[in-house]
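For reference, the structure is listed below as structure tokens.
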Amino acid sequence: MFNLILFGPPGAGKGTQAVKIAEKFGWKHVSTGDILRAEVNQGTPLGLKVKSVMDAGHLVSDELLIEIMESVFVNNNTVKGFVLDGFPRTLNQAQELDKMLLRHGEVVSLVLALEVDEEELVSRLLKRALDQGRKDDGEEVIKNRLVQYHHHTKPLIDYYTDQNLYQEVHGVGTIEDIFSQLCLQIKP
Ligand code: AMP
């Protein structure tokens, strides 16, 4: 099984590229943001619990995310690969992911990061807020999401670099060009 983590700050284009990679290789795309938004939209107990956290641009608890991922793995044990988009986002999540994969005889295969500078990220997120009406893309919330990224998620770069799993791709350009650069790094 190929376990790919698509890494990068909010607005880097992970979602767009993850869909394309999953389609090309026949793997399962897992966006924790999409999973959580679906819970919120359906008004489930879990959705009600996480709504205010998400609206504020903060991170949902590790415990909850790990529970969600555990059930994703259990329910998709026949797939040939995963494209993880938006998970892991904390060191604790990364360590728990490793443990979870190990229990299934698996490891993280590759971490591909989309590199985009901060100014470009903010302008993309503001545009997305207008286009999609995403509540978590207001200016104040965007700032929060970037702070969360720098504080909690960026340390994962060292974690995966130390394991020789981390590769960066320039995330500015056309969708197709970036996709080609990503695909060059993926050797299933
Ligand atoms: P995303 O669409 O990936 O930007 O996720 C939207 C929101 O969902 C984030 O701002 C967090 O509130 C929450 N979320 C998604 N994935 C995670 C995660 N791995 N850990 C904590 N919170 C998450």
Let a ≥ b ≥ c be the square roots of the eigenvalues of the Cα gyration tensor of region 45-188; is it rounded (a/c under 1.5), or, if not, prolate (a/b larger than b/c) or oblate? oblate
Check cross-link reach from residue 20 to the lysines: straight Cα distance under 21 Å, and skip same-chain residues fewer than eight apart. 28, 80, 187
What span do the alpha-carbon atoms of region 55-110 cover on each of the three principal axes, reported in whole Å from largest to smallest? 36, 19, 19
Net charge near residue 16 (other residues with Cβ under 12 Å of its Cβ; Lys, Arg +1; Asp, Glu -1) is +1
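Full-extension gain between residue 176 and residue 158, please, as 0.36 nm times their residue separation minus the C-alpha to C-alpha distance.
On the way: separation 18, 0.36 × 18 = 6.48 nm, distance 2.84 nm.
Separation in residues times 0.36 nm, less the Cα-Cα distance, equals 3.6 nm.
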Name the residues whose placed amide hydrogens come within less than 5 Å of the amide hydrogen of residue 110, ignoring near sequence neighbours (fewer than 5 apart) on the same chain. 3, 5
Taking every pair of alpha-carbon atoms in region 110-188, give the share separated by more than 18 Å as a whole percent. 54 percent
All other residues with a Cβ under 14 Å from the Cβ of residue 102 taken together, and with Lys, Arg as +1 and Asp, Glu as -1, what is their net charge? -2
For residue 71 and residue 48, FRET efficiency with R0 = 25 Å and r from the beta-carbon atoms, rounded to 0.05? 0.85
I'd like the distance separating the alpha-carbon centroids of region 71-93 and region 1-58, in whole Å. 10 Å
Going by average Cβ neighbours within 10 Å, how do the peptides 161-173, 2-14, 109-121 rank, with the highest at the top? 2-14, 109-121, 161-173
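A short reminder: the numbers here are calculations on the coordinates, not readings from a lab. Keep in mind that what you see is a predicted model, and the values were worked out from it rather than measured. With ideal geometry, Cβ positions are generated from the backbone for all residues, glycine too; neighbour counts draw on all protein chains shown.
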